[in-house]
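Let me begin by presenting the structure, written as structure tokens, before commenting on it.
The values are calculated or read from the model by the stated rules, or taken from the named source; none is laboratory data. In this text, all values refer to a predicted model and were calculated from it rather than measured experimentally. Glycine gets a Cβ as well: all are built from the backbone with ideal geometry, and neighbour counts include every protein chain shown.
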Amino acid sequence: MSYGEKTALQKDDKGNYSFSTPVQGQPALLQALNRTGLDENLTLGFIPSPIPETAPTPTVFYDHVGDGSSLVIGPFSPKLYAYVTLQYEEGEIIRGKPESSFIWEQDLGNLPIVSNWLLKFDPTKVQYSLVRA
């Protein structure tokens, strides 16, 4: 899906979920309608090019989007934040703002598809940082 398009989440008689083919929507917005007959949890993720064989990694998670409701996103400036905390496990979906402050912030539009970073600890400042590898 691209900005300016909308789609609908549907559920068939066998319980299979699918999204409709995206159609023209409102400029600069992404819109997903829930037409399943139930409240659903929806996620937004990004698929890099070339498309990998694995499912996209969820980036943003929305709880209980009501049947007939729309999820509208945009304009969107995706930011990537790094936190050092014991509050979460690797791969866990963060459902709210972490209690700790972030140690690093980057605009996803300015990062390459693949990049490597080193997590460093400065014992004199008792502080973590991320630096490009």
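Remarks
- Just one of the listed residues (59, 7) is surrounded by 12 or more Cβ atoms within 10 Å (Cβ to Cβ), part of a strand (DSSP E or B), among the hydroxyl-bearing types (Ser, Thr, Tyr) and in contact with a Pro (Cβ under 6 Å, 6 or more places away or on another chain), and it is 7.
- Residue ID - nearest to residue 126 (Cα to Cα), chosen from residues in the range 74-91 that are modelled with pLDDT under 75 and either touching a helix residue (DSSP H, G or I) at 6+ places or on another chain (Cβ under 7 Å) or exposed (fewer than 10 other Cβ atoms within 10 Å of the Cβ) (or both): 77
- In this structure, residue 94 qualifies as hydrophobic (A, V, I, L, M, F, W, C), assigned to a loop (DSSP other than H, G, I, E, B) and either modelled with pLDDT of 80 or more or within 17 Å of residue 57 (Cβ to Cβ) (or both).
- Listed by first and then second residue, the pairs linking a residue in the range 52-66 that is more than 17 Å from residue 32 (Cβ to Cβ) to a residue that is loosely packed, with under 10 Cβ neighbours inside 10 Å, with Cβ atoms under 9 Å apart and 6 or more places separating them unless they lie on different chains, are 57/91.
- The set of residues from the range 64-73 being more than 13 Å from the chain's Cα centre (by Cα) and either at pLDDT below 80 or part of a strand (DSSP E or B) (or both) comprises 64, 65, 70, 71, 72.
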